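Just below is one structure, and these are the notes that go with it.
The values are calculated or read from the model by the stated rules, or taken from the named source; none is laboratory data. Only a predicted model underlies this, so the values are computations on that prediction, with no experimental measurement involved. With ideal geometry, Cβ positions are generated from the backbone for all residues, glycine too; neighbour counts draw on all protein chains shown.
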Amino acid sequence: MFHATLDSTKTWKQIVDALATLLTEAHFRVTESGISLRQLDSSKAAMVDLALPSGIFQEYSCKGEHDICLGIDELAKVSKRMTGDEHLEFNLDESENRFEIRMVGQANRVFKLQRLTPPDDQTKKPGIQFDVKAELLADTFKQAIKDIGVVSSHVKITAEPEQLSFAGEGDTGEANVALTTKGDAPALFQLEVSGKSMSMYALNYLTEIAKAISSDSIMLQFTSNKPMMLEFAIAEAGSISFVLAPRVERR
């Protein structure tokens, strides 16, 4: 049995949009403490990790544990039908093997989505130790990704004790964006570095991930030539993180 309500359709749309950047199916794990999801994309180059504690919902009731696997396209189509003045109700219909999304407003609208078969194996959280931890404005990160995308298909991120930089180069030229924690209103709030670190990542992934960021700030963590993690808050107590494998230069 599972039942929950959410006052903000905007929050639910942000969640679905974030999952849609990498996934074609969403494998939710629903327990008494909340809803979680941890999945690799089809290429296994990136992972999304979602945590929605029960406290972000206005009502939340769950008996036992449930695996709820749904198609992302169907979830996205339903979320587009939501309006800002509605509140949402979620129910699990185990007898019909369907997940119910009810939109309550001027009308009472109900969508029942067919549950898919979840995978046998659960994606494990990678045990990564990061040498760089940086908190910065989300808009600044989005602009940096767009800037590098003008000339390159990949971005090289470099961290030194007082500077975080994004760089790229291609046949048409090169671009560089440098951030520091200094100044009256820095876009880089926090930077912790264990020695100089540098790594390269595919811009097509980061472009899609950047579109999904719905918070004012993000936490970026990485290590030289290792995966990076981008994390941001959602619905205050919830969080979404993306882990992206590095692009290794061949010599």
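Scan region 139-186 residue by residue and report those that are surrounded by 13 or more Cβ atoms within 10 Å (Cβ to Cβ), more than 21 Å from residue 248 (Cβ to Cβ), more than 24 Å from the chain's Cα centre (by Cα) and among the charged types (D, E, K, R).
160, the sole residue that qualifies.
Can you name the condition, by its number, that residue 24 falls short on among (1) within 23 Å of residue 77 (Cβ to Cβ); (2) surrounded by fewer than 16 Cβ atoms within 10 Å (Cβ to Cβ); (3) out of contact with any strand residue (DSSP E or B) (no Cβ under 8 Å at 6 or more places or on another chain)?
Here residue 24 meets the rest and fails (3).
Just one of the numbered conditions (1) closer than 30 Å to residue 177 by Cβ; (2) buried (at least 16 other Cβ atoms within 10 Å of the Cβ); (3) not aliphatic (A, V, I, L, M) is not true of residue 129; which one?
Tallying (1) closer than 30 Å to residue 177 by Cβ; (2) buried (at least 16 other Cβ atoms within 10 Å of the Cβ); (3) not aliphatic (A, V, I, L, M), residue 129 fails exactly one: (2).
Just give me the residues in region 44-76 being surrounded by fewer than 16 Cβ atoms within 10 Å (Cβ to Cβ) and either polar (S, T, N, Q) or assigned to a helix (DSSP H, G or I) (or both), in sequence order.
55, 58, 61, 73, 76
Checking residue 142 against (1) of a type in the set (D, E, K, R); (2) out of contact with any helix residue (DSSP H, G or I) (no Cβ under 8 Å at 6 or more places or on another chain); (3) modelled with pLDDT of 95 or more; (4) outside the structural domain of residue 41 (by TED's automatic domain parsing): exactly one of these is not met. Which one?
Tallying (1) of a type in the set (D, E, K, R); (2) out of contact with any helix residue (DSSP H, G or I) (no Cβ under 8 Å at 6 or more places or on another chain); (3) modelled with pLDDT of 95 or more; (4) outside the structural domain of residue 41 (by TED's automatic domain parsing), residue 142 fails exactly one: (2).
Scan region 74-86 for residues that are within 16 Å of residue 116 (Cα to Cα) and touching a helix residue (DSSP H, G or I) at 6+ places or on another chain (Cβ under 8 Å) and jot them down.
The answer is 75, 76.
For residue 214, state whether it is of a type in the set (Ser, Thr, Tyr), surrounded by fewer than 19 Cβ atoms within 10 Å (Cβ to Cβ) and within 10 Å of the chain's Cα centre (by Cα).
So residue 214 passes the test.
Could you list all residues from region 102-136 that are within 21 Å of residue 199 (Cβ to Cβ) and of a type in the set (A, V, I, L, M)?
Correct list: 128, 132, 134, 136.
Only strands (runs of 3 or more DSSP E) wholly contained in region 134-203 count here; list those with 3 or more residues that are closer than 16 Å to residue 219 by Cα.
154-160, 163-170, 188-193
Say we look at region 145-174 and pick out the residues that are of a type in the set (Val, Ile, Thr) and out of contact with any Leu (no Cβ under 9 Å at 6 or more places or on another chain); which of these is farthest from residue 201 (Cα to Cα)?
Ranking the qualifying residues of region 145-174, first place goes to 172.
For every residue, the table says whether it meets (1) out of contact with any strand residue (DSSP E or B) (no Cβ under 6 Å at 6 or more places or on another chain); (2) at pLDDT 95 or above.
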site	(1), (2)
200	no, yes
214	yes, no
225	no, no
234	no, no
248	yes, no
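Would you be able to tell me the number of residues in region 20-35 that are in contact with a Pro (Cβ under 6 Å, 6 or more places away or on another chain) and either small (Gly, Ala, Ser) or more than 18 Å from residue 120 (Cβ to Cβ) (or both)?
The qualifying residues number 1.
Just wondering, is there one or more residues in region 94-110 that are among the basic types (Lys, Arg), outside the structural domain of residue 224 (by TED's automatic domain parsing) and not in a strand (DSSP E or B)?
No, that holds for no residue.
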